[in-house]
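Report on one structure; see the data block that follows.
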Amino acid sequence: MPVLASPDLGQIHFLEKDVISFPEGVPAFEHLHTFLLVQPDEFAPFMFLVSTDSPATRFICLPICLIEPDYHFELDREEGARTGFEAGAYPVAAPGGPLVLAVTTIQETAPATVNLASPILVDAERRLGAQLILSGTAYSHVAPLKTRGRLEGAC
C-alpha cells in the first residue's frame, strides 16, 4: 500500500484507486495533476485535498452543501468538455452528482472564509476532479464561513 508523507497530516496510507486525477491541475497549481481527498476524523467535516506530487501542497475544503444548502451553478458545454463533467445545472444537493467542495481559508488573525466562486468538483466513481472558475456569479471567493450551529451531517 503506498504511503504519502504530508508535513501537516503525517503518513497517509492509500490505494491507487483513491487517487483523483485533475487533468488541468487547479488554478495556480496547473502542474499538479493527482490528489487524494483525505478526511481525518479529528478534522471532520473538513477535508484535505493533498497533492500526491507535492504532499506539502494541500487545500482545506468543506462540502458546500454544509455551508450553502441552496448553492447551484451552471456548467456550459465548453467548460464541461474541457473538465470532463457534463454541461448543465448543478444543484449542490443533487443525488448521484459530484461532490462539490469549497476551498477554505483559515487564519489566526481573521475570520475563516470559503471560496464559493471556484468550486471543486470530485466525481468519486470516475476518480476525476476539476476546479471551476464561475463567471458572472454572485458567489464570492472570500465568503465568510457562516454556520448554522455545528458543521455536521451529510449532504
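The values are calculated or read from the model by the stated rules, or taken from the named source; none is laboratory data. Please read these numbers as outputs of a predicted model, since none were measured by experiment. Here the Cβ is made from the backbone with ideal geometry for all residues, glycine too, and neighbour counts use every protein chain on show.
Restricted to region 41-70, and to residues there that are aromatic (F, W, Y) and crowded, with 19+ Cβ neighbours inside 10 Å, the residue that is farthest from E30 (Cα to Cα) is F48.
Each row is one residue, and each column tells you yes or no for (1) in a loop (DSSP other than H, G, I, E, B); (2) within 24 Å of T34 (Cα to Cα); (3) in contact (Cβ under 8 Å) with a residue 12 or more places away in the chain.
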residue: L62; (1), (2), (3): no, yes, yes
residue: E78; (1), (2), (3): no, yes, no
residue: Q107; (1), (2), (3): yes, no, no
residue: P111; (1), (2), (3): yes, no, yes
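The lone criterion from (1) within 26 Å of K146 (Cα to Cα); (2) touching an Asp or Glu at 6+ places or on another chain (Cβ under 8 Å); (3) charged (D, E, K, R) left unmet by E42 is number (2).
Filtering F73, F59 for residues that are under 14 Å from the mean Cα position of the chain (by Cα) and at negative phi leaves a single hit, F59. Does E108 fit the bill of being at pLDDT below 90, out of contact with any strand residue (DSSP E or B) (no Cβ under 7 Å at 6 or more places or on another chain), surrounded by 15 or more Cβ atoms within 10 Å (Cβ to Cβ) and charged (D, E, K, R)? No; evaluated as a whole, the condition is false for this residue. Of all residues in region 15-43, those satisfying the criterion of being assigned to a loop (DSSP other than H, G, I, E, B) and in contact (Cβ under 8 Å) with a residue 24 or more places away in the chain are V19, F22, P23, E24, P27, L32, P40.
Report yes if G80 is small (G, A, S), at pLDDT 90 or above, surrounded by 14 or more Cβ atoms within 10 Å (Cβ to Cβ) and closer than 17 Å to P23 by Cα, otherwise no. It is false that G80 is small (G, A, S), at pLDDT 90 or above, surrounded by 14 or more Cβ atoms within 10 Å (Cβ to Cβ) and closer than 17 Å to P23 by Cα.
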